[in-house]
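Structure first, commentary second.
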Amino acid sequence: MEETWELKPKIEALLIASDRPATIQALAQCLNVGEDEVDAALQEFEADLLAADRGIQLRCRPHGVRIETKPQYADLIGRLLPERKAKPITSQALETLAIVALKQPVSTGDINAIRGIESAGTVQTLRNRKLIARSPRLGPRRERIWRTTQLFLDTFGLASLDELYKEGRMEEVFASVYSAEMVAEAGKAHSNNGAAGDVEAS
């Protein structure tokens, strides 16, 4: 049995080297320790990274954990690496993204009806940016059905879609298009679907 202080640097090295989230099970197998030991080390490591003098954080996802830069340094990283600078999302695209996030799975036809305009181009833009993806579910006449992706959660700092329904989060994520009507739609979608549902990777 290894002490937590011994496991933390090993876990840090593994997560930095990995190009995708790692599960607790995979880390435990690699380190030849129990999953409880890895979980305890991750919790302590996460607390360490919350310190103001650290530029990275530990993000826990349903499919694993990973090390990410803290959101407040996104602009700084964009200056050094312009190709990684996030492109702004237009209000039209954000409005469409909000509909998909709150009503998913939702068809292009439903999005058009809610917005009152043809939205195929905006939907395609969001798909190209990998913020939404096609759902395996088919609509009437095999119409395309859309869901948000893991990148959507990552972009807006959400651990899951359920976080949208926490007080203040919806206004924060969809600030420029947030409205009372959106609240009503969100309530309907959340009650109809129960949990907001799993996202599909693009």
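Bear in mind that the values in this text are calculations on the coordinates, not laboratory data. Owing to the predicted nature of the structure, the values given are computational and were not obtained by experimental measurement. Positions of Cβ are generated from backbone atoms using ideal geometry, with glycine treated the same way; all protein chains shown enter the neighbour counts.
Points to keep in mind about this one:
- Region 100-150: equivalent-ellipsoid semi-axes (sqrt of 5 x gyration tensor eigenvalues, Cα, Å): 15, 14, 10
- Long-range HN-HN contacts of ARG144 with modeled amide H, under 5 Å: THR108
- Restricting the calculation to Cα atoms, every distinct pair contributes to the Kirkwood radius of region 53-125, found to be 15.0 Å.
- Label-to-label distance for ALA113 and LYS85 is 4.2 nm, based on points extended 7 Å past Cα in the beta-carbon direction.
- Stokes-Einstein translational diffusion, region 1-138 - Kirkwood Rh over all Cα pairs, 1.306 mPa s, 10 °C, in µm²/s: 88 µm²/s
- Amide H contacts for LYS70 (H built 1.01 Å from N in the peptide plane; partners 5 or more residues away or on another chain; cut-off under 5 Å): ILE56, GLN57.
- The label-point distance for GLU3 and ALA175, in a model that sets each label 7 Å from Cα toward Cβ, rounds to 4.5 nm.
- For LYS87, the aspartates and glutamates whose Cα falls under 13 Å of its own Cα, not counting residues fewer than eight places away in the same chain, are ASP75.
- Euclidean distance between Cα centres, region 121-173 to region 86-119, Å: 9 Å
- Going by neighbour counts of Cβ atoms within 10 Å, the residues LEU161, LEU14 line up, fewest first, as LEU14, LEU161.
- From the C-alpha gyration tensor of region 4-73, square roots of 5λ in Å: 20, 13, 10
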